[in-house]
Every structure is written in structure tokens, then in C-alpha cells.
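Data block below; observations after.
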Number of protein chains: 2
Amino acid sequence: MDDSGDKPRSSRSTGSARLTDVARVAGVAPMTVSRALNRPELVSESTRLRVQQAVLETGYVPNRVAGALASSRSRLVALLVPTVAHSLFAEVVQTVMGVLSSQGYQVLLGLVGYTPEQEETILETVLSRRPDGIVLTGCRHSALTRQRLKAAEVPLVEIWDMTDDPLDMLVGFSHEAVGRAVAEHLLSRGYRRFGIISADDSRAKLRVAGFVSGLESAGIGEYQLREVGTPSSMPWGREKSAELLDRHALDAIVCSSDILALGVLSEAQSRGLTVPGQLAIMGFGDSSYAAASFPALSTVRIDGAAIGLRAAEHLLQRMAQPTFERAGQVLDVGFEIIDRDTT
Amino acid sequence: MDDSGDKPRSSRSTGSARLTDVARVAGVAPMTVSRALNRPELVSESTRLRVQQAVLETGYVPNRVAGALASSRSRLVALLVPTVAHSLFAEVVQTVMGVLSSQGYQVLLGLVGYTPEQEETILETVLSRRPDGIVLTGCRHSALTRQRLKAAEVPLVEIWDMTDDPLDMLVGFSHEAVGRAVAEHLLSRGYRRFGIISADDSRAKLRVAGFVSGLESAGIGEYQLREVGTPSSMPWGREKSAELLDRHALDAIVCSSDILALGVLSEAQSRGLTVPGQLAIMGFGDSSYAAASFPALSTVRIDGAAIGLRAAEHLLQRMAQPTFERAGQVLDVGFEIIDRDTT
DNA sequence: GCCTTGAATGATTGCGCTATCATCCAGGGC
DNA sequence: GCCCTGGATGATAGCGCAATCATTCAAGGC
């Protein structure tokens, strides 16, 4: 009845219902509406119901932009991955979002590709949203990126890589160890003349380095390496393996992703090579189609869901305990060699 | 020199540099800093450089939360898809984000699954961020969702479906037409006894309905239908096809996704059935592995990149022209039957 | 000289919310 | 009666920025 106290809506207002509108309808102070919605345990049952009713009547949708500004809590988590067009990262995105959204966080997704420059650019705009937490793929960042992240003092989980010295928390695995394990596996199978097809991305190169060091430990210094651009694709795999097979006598080709390996497989088949008899092929990622190819692709399984899950959990924990000591927690989720029919 | 005019930093402040800090260092008014950063053409060259310098000195990172509140422009676009763990939607996410981020927009990703309830919940929290635009998968929404979207008056593109009556703009294709085209294709190949394995999702069901109506047009009223839960997977495909093949004499099985079709294929192979001689198999989506399977999977290609691209473009256009008449623009990107070696 | 013009810059205000502290009041101890 | 306690509610003041309008000043016309 008494709406004489309303301020006239300024020309800058958006026109939709505000907290004060709900407060007027419910006959309480704006602050009480805020509490009824965000901390209902502080408000009496009857007030809560009146507010609820008023929200429905006014069609009020809270403005979290204003809320974030006032409270310095955005309830936003930034998730930076190279791409989602790769099932491994898609899996991470899927699980991280599942965990975080169940706890009331929303996710600002950033696709940083495979270059430090893109990461820098995107990180800057991401930080301008003042996220409550960040999940960041990889742990080899430019100096500027590291500096910005430290300055932002925002809970952070690096994923999908391994280091002793994380910026904050880390959930991942060692790419070098993957490479080394693949080398040992193939050597134990008796393969000796290796081709490598690797994407031009820093983590793939780490795996290659691990693989090569594994070979060297066994006294093998010779191998053939080809790099391909991103995104990896079957045609890249075919083209580079054709090149390798034309010029070198190889008995195994190791690829930095399953999709490349599939390309190698089809090249081998088109040349009438028996797999793995005349040519062994190793992928990486254990994509859903690795098991479905014929012959079924041997590969390395990374549990993206586990990484996403643990990363999200770590982040939630840290966000809940604001200044918990920066423990430098590191979790290695490992990997698994999947020995199917191409090795 | 003169910093006597500074307000003491309130206890509620976040501690990082603000516009006023930069302004003080640069020796200009805060408003001038704002202009130098957001509308540099309004500021003299020398001022712009001084501000730039001051930004570097202070390590200032703009607070877009405050900016969004003050300007009623969030520079945020919400992108709602069922999942990213499916290459088709991942492709859409990838392209939408590519286009939008090049124009300075950030993307708030929402995974709505395949139920209207999840869509409702997520849409509510999404709207509370006051996005400048929304890309929404599907165009069959609950009444509440439709009402909220209309009330929000935010530029909207529905994707991945088709209707005459979009909420705002629409870029997609007709799932019924897909089903009908698949029916015609298989009938023309001479297949007559059909099994259908479909996910329990509304758009897959539309494709089934189209397929069935295609059969009926040809006078075929009998078919075997099995539904599977989400997410679809190879084991689901194997299990349901085993069930179908045990009980019915079929010469073709149509699946609502490639991954299901791959499961059917492996079941067929394990039974020693020749494909397509004794059993034809049809997928949907033309995932990257469809061409790689053996035999290569026949399927339906949807150009997810085109959908994402056009959707993002439409949205950008609408966001640039605030109250352009709600044209009800509809774009049908169609689909393509990919006739490989399983039909 | 005087006015106009427009580019550059500044001062003020408010976006819609929540932190914080103040107030109010019922219930209880003594 | 008085004071304490604590739950419920309210009033006030900002969060950091940009919209808006005001001011300044050099250049130019006459």
C-alpha cells in the first residue's frame, strides 16, 4: 500500500525487478530480502515465505553482477583448457563443471590453444571477471602469466602436467613418464626401429622427450621424428607416416594422439602392412574410438574424469577456506598403458 | 606527488589497484583512465600513453564486474549445450567461442543435459549474470524457461533444432527431416526389416519419429525400437543390438549416434555377421571415428562448426544493434547422409 | 574583440547489491 | 525492576566502474 518511499527509477536502471522491489512487495527491508535469499537460516520462517512469494510476484531474478561487486565473491570459476574439440579435455570440462555447478559455481570457459600468447591474452580478460578460482591446463607458463596469477591471489589448480613447484595446487601426470613407459613397453615387445609423430605442443614434446630418453637408456640413439600442426587429425597421421615409411625401415610408430595413430593405421592398411606384425602403432589418450578401430588401437589412458574431479574438489576446498596455507599440494593421477592389438 | 586526496582504502576493498589508483599515477581523472582503456579514440595520444604507462606501473587489472554493473553490459555470452562430451557439441562450443572471443566477449558455459529441469535451473543462474546474449541448444523449452527468456529480453539464438516459431533467432536443422531422409536412403538400398536404437533424448526421438514416418510412407509399419539412457556408449549399442538380433530377423539397425552404431558394429562382428551384407548399420553425427571404423560407418553429417559460426554471427549482429526488431530469423543448415560401408 | 565550435577532460552520481553496525524486542536470571 | 542475551531486522555506506553533464580551452569566423 505504502509505496511513497520508492525512488523513481533512474534512466540508468535496467528496468527489471530489483531487491528493493521485492522488499516493498514483501513489506521488509532490502537487506532482509538479501538474507532470505542467500542465508535463509538467518531469517524467520514467516519472513522467508513472504519474501519467496514476493519474488514470484515480481519475477525477480537476482543480479549477481551487483552481488559480486558488493561481496567480492563472484561465484565464478575460470576453466582454461587448450580446446574442447578433444575428448580428453572435453572430459575434464564435463567433470569440473559437474562438481562445481553442484556447489553453486558457474564456469567461465577459456580456450587457450597451445600457445603461451593466447594463454596470456585470455588470462587477462578472465582475471578481470574476478573469478573465485581458476583451473588451468599445464604448468609451464610465461613469466607474465605467472606474475599475474600470483598477483591475483586466486585459488588455482594447474592440471594435466606435473612439476615439483606448482603455482598453487596441481593435479596431473608426468608426460615424460608417459613417454618413458611407452618406450619400455615397446622395447619389451621387441621393437627397435621407431618413428614418432608428434603434435607441435609443449606437452606432446615432453612425452617425446621421455620416449627418446627411454630409448637411449636401452642404447637406442636412432629414431625418426615428425612434427605436425594442431589440431591433430587423421590426414596428418597418414601424411607423416607415409613420409616416414617411404624413407625408413620402421617397425613401430608412436603418435602423440589417438587420432594421429588412426591415420597411421589407415596408411598401414592401404600399404597392405600387417599391424602389428610389420608395423606397430601406439596412440595416446584412449579416446572412445581407440577400442573400436580395427585392429584395436594400443594407447595410453589418461583418466580425465579423475583429473577434473580432483581438481574441482581441491579448488572447492581452497575456496571454502580463504587463506588456508598455500600448501603446494601435488596430486599425480598417473596413466595406464593400454595394450590392445596394434603393438 | 599530490596524493593527499586519496580516500583511505576501505576495509571492504579488495586490495588490488583500481581505476583511481591508475588515475593518480597518471595524473588524470578516473574517468579519463576509463576512456583511455575502453574508448581510446576519445582521448589524446599523450594522455593515452601516460595512462598505459600508469597501468603497467600499478599492475592494474580492470574490474569488469564493476564495469558491467555500471554500464549494464556484461560482455558475457551464455552458451548452453547438453554436454561437451560429445564431439558434435564440442565443435559448436569451439566455434562459438572462437567467434565471440575475437569480438571481446567471454563465454559462460552451461551444461544442461537432456532434461528440461536442468535447463530451467541452469538458465536461472545464468540469467543472474546478465549476459549480453544467449546461445541455447534446442527449441522445445518448458513454459517457465520460455517465460524467463522473454522477460530477460536478451538476444538469443536457439540452435540444433528447427521450428517455425523461435523465441528469437534460430540456427539448426530438422531432426524429423534427418529421420525421414535416413529412411528413404535405407529403403532405396533395399532394406526392409529395421531395428532402431535411440537415446532417450527429445531430439533423438524426433529423428526416430521422422524415420518411422518415412517407413510408413513406404507402407512399412513394423520396426523394432530400443531406447538407451544417456550418455550413449558402445556397450549400450552392443547390448541393445544383441537383444534385437536375438529376437528379430533384421537387415538394418539405425542408431541415434555414431557411438551406438559402433557398438552395434562390434556386436555384429562378434556374431560373424557380414556388414552390410547381413546387417546394415547407420549412425548419426559423423564423428571423427566414423570414417576410421572398419568397415567405415555410414552416418549423417551435421556441420556443427557452421551452426556455431552462424549462431555466433547472428548473436553479434543482434547485440550490436540493441533493439533491432526481433526478426524471428531462422536458418536451416541442413545435413548430409554419408554413405560409407555399413549400408 | 567576441562568439561559436568541438575536442579533451573532469565532477558527480548511481548501477544493485551486501558488509557492517545499530536497533529492537522477547525471554530469562536474579 | 533491571540487565543481559541473542535472534531478527533495519539503516547506512560502499564495492569499482561508466553514463551523463559540466567545464575548459584552443582554433576559427566575422
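The values are calculated or read from the model by the stated rules, or taken from the named source; none is laboratory data. These numbers were taken from a predicted model, which means no experiment stands behind them. Cβ coordinates were reconstructed from backbone atoms using ideal geometry, including for glycine residues, and neighbour counts include every protein chain displayed. Note: accessible area is taken over every heavy atom of the protein model, side chains too, but ligands, DNA and RNA are not part of it. Shrake-Rupley method; radii C 1.70, N 1.55, O 1.52, S 1.80 Å.
Key figures
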{"item": "Residue within the range B:33-55 that is within 12 Å of DNA strand D (Cβ to nearest atom), part of a helix (DSSP H, G or I), of a type in the set (D, E, K, R) and outside the structural domain of B:R130 (by TED's automatic domain parsing) present", "result": "yes"}
{"item": "Flag for B:V77 being touching a strand residue (DSSP E or B) at 6+ places or on another chain (Cβ under 9 Å), within 13 Å of chain A (Cβ to nearest Cβ) and more than 14 Å from DNA strand C (Cβ to nearest atom)", "result": "yes"}
{"item": "Positions within the range B:276-300 being of a type in the set (A, V, I, L, M), away from chain A (no Cβ under 14 Å) and not in a loop (DSSP other than H, G, I, E, B), in sequence order", "result": "B:A280, B:M282, B:V300"}
{"item": "Flag if B:V254 is among the aliphatic types (A, V, I, L, M), modelled with pLDDT under 95 and in contact with a helix residue (DSSP H, G or I) (Cβ under 8 Å, 6 or more places away or on another chain)", "result": "no"}
{"item": "Selection within the range A:218-236 - away from every other protein chain (no Cβ under 14 Å) and touching a residue at least 24 places away in the same chain (Cβ under 8 Å)", "result": "A:A218, A:I220, A:E222, A:Y223, A:Q224, A:L225, A:R226, A:E227, A:V228, A:G229"}
{"item": "Residue list for the range B:36-50, restricted to those being surrounded by 13 or more Cβ atoms within 10 Å (Cβ to Cβ) and near DNA strand C (Cβ under 6 Å from one of its atoms)", "result": "B:V43, B:T47"}
{"item": "A:A90 vs. criteria within 12 Å of DNA strand D (Cβ to nearest atom), within 8 Å of chain B (Cβ to nearest Cβ) and either more than 32 Å from the chain's Cα centre (by Cα) or not polar (S, T, N, Q) (or both)", "result": "no"}
{"item": "Which numbered condition A:V84 fails, given (1) modelled with pLDDT of 95 or more; (2) within 13 Å of DNA strand D (Cβ to nearest atom); (3) within 8 Å of chain B (Cβ to nearest Cβ)", "result": "(2)"}
{"item": "Some residue of the range B:96-107 being within 22 Å of A:G113 (Cβ to Cβ), away from DNA strand D (no atom under 16 Å from the Cβ) and in a loop (DSSP other than H, G, I, E, B)", "result": "yes"}
{"item": "Selection status of B:T121, of a type outside the set (A, V, I, L, M, F, W, C) and within 13 Å of chain A (Cβ to nearest Cβ)", "result": "yes"}
{"item": "Hits in the range A:97-111 - residues which are more than 9 Å from chain B (Cβ to nearest Cβ) and closer than 18 Å to B:V107 by Cβ", "result": "A:L100, A:Y105"}
{"item": "Residues satisfying the stated conditions in the range A:8-23, i.e. within 12 Å of DNA strand D (Cβ to nearest atom) and either out of contact with any Pro (no Cβ under 9 Å at 6 or more places or on another chain) or at pLDDT below 80 (or both)", "result": "A:S10, A:S11, A:R12, A:S13, A:T14"}
{"item": "Matching residues, the range B:301-343, being touching a residue at least 24 places away in the same chain (Cβ under 8 Å), farther than 23 Å from B:D161 by Cβ and within 14 Å of chain A (Cβ to nearest Cβ)", "result": "B:R340, B:D341, B:T342"}
{"item": "Residue list for the range A:155-173, restricted to those being open to solvent by 10 Å² or more (accessible area, probe 1.4 Å) and touching a helix residue (DSSP H, G or I) at 6+ places or on another chain (Cβ under 8 Å)", "result": "A:P155, A:M162, A:L167"}
{"item": "Residue check for A:T58: more than 8 Å from chain B (Cβ to nearest Cβ), among the polar types (S, T, N, Q) and either open to solvent by 10 Å² or more (accessible area, probe 1.4 Å) or within 16 Å of DNA strand C (Cβ to nearest atom) (or both)", "result": "yes"}
{"item": "Within the range A:133-154, considering residues that are polar (S, T, N, Q) and assigned to a helix (DSSP H, G or I), the one farthest from A:V171 (Cα to Cα)", "result": "A:Q147"}
{"item": "Out of A:R24, A:R73, sole residue that is crowded, with 18+ Cβ neighbours inside 10 Å and touching a residue at least 12 places away in the same chain (Cβ under 8 Å)", "result": "A:R24"}
{"item": "Filter pass, B:L111 being within 38 Å of the chain's Cα centre (by Cα) and within 13 Å of DNA strand C (Cβ to nearest atom)", "result": "no"}
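Listed here are the residues, each with its yes/no results for (1) open to solvent by less than 30 Å² (accessible area, probe 1.4 Å); (2) over 14 Å from B:I281 (Cα atoms); (3) in contact with a Cys (Cβ under 8 Å, 6 or more places away or on another chain).
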position	(1), (2), (3)
B:V208	yes, yes, no
B:V212	yes, yes, no
B:E222	no, yes, no
B:M234	no, no, no
B:E243	no, yes, no
B:R247	no, yes, no
